[in-house]
Amino acid sequence: MPQPRTMDTVQAQLSSSLAQLKGKLGQSPTLQKLEEKTHVPKEYIFIGGAFIFTLAFLSGVGTGTLCNVIGFIFPAIKSVRAMESHASNEVTQWLVYWVVYSFFSVIEIFAETLLYWIPFYYRFKLGFLLWAMLPQTRGAKYLYDNFLKDILKKSESKIDAVLKDAKVTAGRGENGNKKDG
């Protein structure tokens, strides 16, 4: 019995994979509209988009914006869903994520000049954000339980004092007098 040629095997596997991808993408109305307008199969549109996205990310184009979108949009959607479902463990997970995200963002503001010089910083940041947010890893909970909780507990009175001073300062007008209202 003759052995199938390698190229025939690869082509058969590729066709099978494309058929599976087409089946999964068949549920996307956006890709369906794009396929109708461009006359390009939706699986090719998806593969092309994924390739362009990967190329842009690896070259560094828009990585900062991408990190901020991924670090904010997905968790915001999941947070709203958790609040609406009243699932306390999910609400807690996303509250912890937002505490870690906020802490990370504040540190990032002060270290921005240094971070600029770190190669592939945004790729590392994206990996960190995914690790922190994904329910499979629960990285934010790990960071909170092992590091942030103790720091915040020790600094609670200082944080409260700063917030109180900020509130008093915000209540004054430009000339230092109390605002009307």
(request) Run the dipole for the chain about the Cα centre, Lys and Arg Cβ at +1, Asp and Glu Cβ at -1, nothing else charged, and hand back the magnitude in debye, nearest 20. (result) 160
(message) If you fit an axis through the alpha-carbon atoms of helix 88-110 and take the longest principal axis of the Cα set of the chain, what angle between them do you get, 0 to 90°, nearest 10?
(response) 80
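The stretch 1-44: D in µm²/s via Stokes-Einstein (Kirkwood Rh, Cα pairs, 37 °C, 0.692 mPa s)?
Roughly 275 µm²/s, to the nearest whole number.
Quote the FRET efficiency, to the nearest 0.05, computed for GLN136 versus ILE109 with a Förster distance R0 of 35 Å and r equal to the Cβ-Cβ distance. Before the final figure, lay out the partial values.
Working: r = 29 Å, r/R0 = 0.84.
Efficiency for this residue pair is about 0.75.
With all protein chains present, how much of the accessible area of the stretch 74-117 (probe radius 1.4 Å) comes from carbon and sulfur, to the nearest whole percent? Don't jump to the answer; show the numbers that get you there.
On the way: 2200 of 3160 Å².
Of the solvent-accessible surface of the stretch 74-117, carbon and sulfur hold 70 percent.
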(message) Given an 8 Å cut-off on Cα distances and at least 6 residues of separation, report the relative contact order of the chain as a percent.
(response) 14
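How much length is gained if the chain between TRP117 and GLU36 is pulled fully straight, taking 0.36 nm per residue apart and subtracting their Cα-Cα distance, in nm to one decimal?
On the way: separation 81, 0.36 × 81 = 29.16 nm, distance 4.51 nm.
That pair, TRP117 and GLU36, stretches by 24.6 nm at full extension.
Taking a ≥ b ≥ c as the square roots of the Cα gyration tensor eigenvalues, with a/c under 1.5 meaning rounded and otherwise prolate when a/b beats b/c, else oblate, which class fits the stretch 92-181? Please report the intermediate quantities before stating the final value.
Values: a/c = 2.69, a/b = 1.72, b/c = 1.57.
Note, shape of the stretch 92-181 comes out prolate.
Give the range of the longest stretch in the chain that excludes all trypsin sites (Lys or Arg not before Pro) found in loop regions by DSSP and having at most 15 other beta-carbon atoms within 10 Å.
With a cap of 15 other Cβ atoms within 10 Å, the longest stretch comes to 6-178.
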(request) Quickly work out the LYS164-to-PHE128 label distance, labels modelled 7 Å from Cα along the C-beta direction, and quote it in nm with one decimal. (result) 3.3
(message) In the chain, once you exclude exposed chymotrypsin sites (Phe, Trp or Tyr not before Pro) (DSSP loop, at most 11 other Cβ within 10 angstrom), what's the longest stretch remaining?
(response) 1-115
(message) Debye calculation, C-alpha points only, no solvent: report log10 I(q)/I(0) for the chain at q = 0.12 Å⁻¹, in the same order as the q values.
(response) -0.89
(request) May I ask you to derive the relative contact order of the stretch 84-146, considering only C-alpha pairs under 8 Å and at least 6 residues apart, and to give it as an integer percent? (result) 42
(message) Keeping every protein chain present and rolling a 1.4 Å probe, give me the accessible area per residue for the chain in Å².
(response) 77
(message) Let me see the P(r) profile for the stretch 1-84: every Cα-Cα distance counted, bins of 5 Å, each bin given as a percent of all pairs.
(response) 3, 11, 12, 13, 15, 18, 13, 7, 4, 2, 1, 1, 0
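Taking only DSSP H segments of four or more residues, each worth -39500 (n - 2.57), what value at 222 nm results for the chain once the sum is divided by all its residues, to the nearest 500 deg cm²/dmol? It would help to have the intermediate numbers written out before the result.
Numbers: 10 runs with 137 residues, N = 181.
Estimated from H runs of four or more residues: -24500 deg cm²/dmol.
The values are calculated or read from the model by the stated rules, or taken from the named source; none is laboratory data. Not measured: the values here are computed from a predicted model. Every residue, glycine among them, receives a Cβ derived from its backbone with ideal geometry; neighbour counts consider all protein chains shown. Calculation scope for accessible area: heavy atoms of the full protein, side chains included, ligands and nucleic acids excluded. Shrake-Rupley method; radii C 1.70, N 1.55, O 1.52, S 1.80 Å.
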